[in-house]
Amino acid sequence: MKRILTIAGSDSGGGAGIQADLKTITVLGGYGMSAVTALTAQNTLGVQGVHPVPVDFIKAQMTSVLSDYGADGAKTGMLATPEIVAGVAEQLKKYQVEGLVVDPVMVAKGGDVLLSREARVAVKEVLLPLAHVVTPNLPEASDLCGFPVEDLAAMEAAAREIHRLGTPYVLVKGGHLKGDAVDLLFDGERFQTFTSPRLSNRNTHGTGCTFSAALATLLAQGYTVSHAVAQAKKFITRAIAQALDFGAGHGPTNHYAHVLHGMGKEKS
């Protein structure tokens, strides 16, 4: 069983962050471990409060896990401040963590800002050179590359620009496009697209966290990047299709849909 470390914020509602990551890692057959970077008071309507964890304690969590359990893969999510970004990067380098997936979480589904402007610069300069794959959505890609990303041509240009920051594989997610959901993978030489029908479902809280956790797990299990992206996209598509209508806002995706699919018990 592969060991996957998620370094991210806690979502009290369970739909995103550490909670979504651990659910995803588990149902995909990995062993999930965590370093919590921030506590949030959060539900389907938005984020009511954020309490960053002190950097020294984040580093202590990572030391405890990596010095004893080790890790076959890792992902980052909400990092909040430049000091947290730097501390996490320091520990990743110290313990030579491979197969890192960076989900550059910047804004929550409800519009709440989760990554400060200074932290965004730190992600670009300090964290992306350590990543194996980075998974920005269109707004995040726009922020990372410095120009609007609103169509496939701009996604390609953004992927080239982000690749120059030092990450071998850039996956620009097209969930914000009109029409089919098209994701674009760039390896520095060629592009590959992954397409799925757009689902009419407002319950998409935690999709980015879930997708990146699935990707990190599959990479640790030996999948190529291309195959891992394809399988992670199937995973999140099922999770959205079987999403849970909890709360009054954007409900969570259903991580258990993967298990239901394997049992032949998916809802039609």
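Values as computed for the structure displayed
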{"read-out": "Per-residue HN-Hα couplings for region 3-11 [Karplus 6.51, -1.76, 1.60; θ = phi - 60°; Hz; x = Gly/Pro]", "value": "9, 10, 9, 9, 10, 6, x, 8, 10"}
{"read-out": "Region 44-165 - charge dipole about Cα centre, Lys and Arg +1 at Cβ, Asp and Glu -1, debye rounded to 20", "value": "160 debye"}
{"read-out": "Cβ-based exposure ranking for Ile236, Ile84, in which fewest neighbours within 10 Å come first", "value": "Ile84, Ile236"}
{"read-out": "Under 18 Å from Lys178, Cα to Cα: aspartates and glutamates that are on another chain or at least 8 residues apart", "value": "Glu140, Glu150, Asp151, Glu156"}
{"read-out": "For region 172-236, projected area of the alpha-carbon convex hull averaged over all directions, nm²", "value": "4.6 nm²"}
{"read-out": "Estimated inter-spin distance, Phe246 and Glu125, nm [label 7 Å along Cα→Cβ]", "value": "3.9 nm"}
{"read-out": "Which of Arg117, Arg3 has the fewest Cβ neighbours within 10 Å, and the rest in rising order", "value": "Arg117, Arg3"}
{"read-out": "Computed E for Arg198/His227 - FRET, C-beta separation, R0 30 angstrom, nearest 0.05", "value": "0.85"}
{"read-out": "Approximate shape of region 60-162 as ellipsoid semi-axes (Cα gyration tensor, √5λ), whole Å, largest first", "value": "26, 15, 11"}
{"read-out": "Label-point gap, in nm, between His261 and Asp151 - each point 7 angstrom along Cα→Cβ", "value": "3.1 nm"}
{"read-out": "Exceeding the 31 Å Cα-Cα cut-off - candidates Lys23/Lys94; Lys59/Lys265; Lys94/Lys234; Lys59/Lys124", "value": "Lys59/Lys265; Lys94/Lys234"}
{"read-out": "Given charges at beta-carbon only (K, R positive; D, E negative), |dipole| of the chain in Debye", "value": "560 debye"}
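FYI, it's all coordinate maths here, none of it is from the lab. On a predicted model such as this, the values are computed, not experimentally measured, just so you know. All Cβ positions, even for glycine, are placed from backbone atoms using ideal geometry, and neighbour counts span all protein chains on display.
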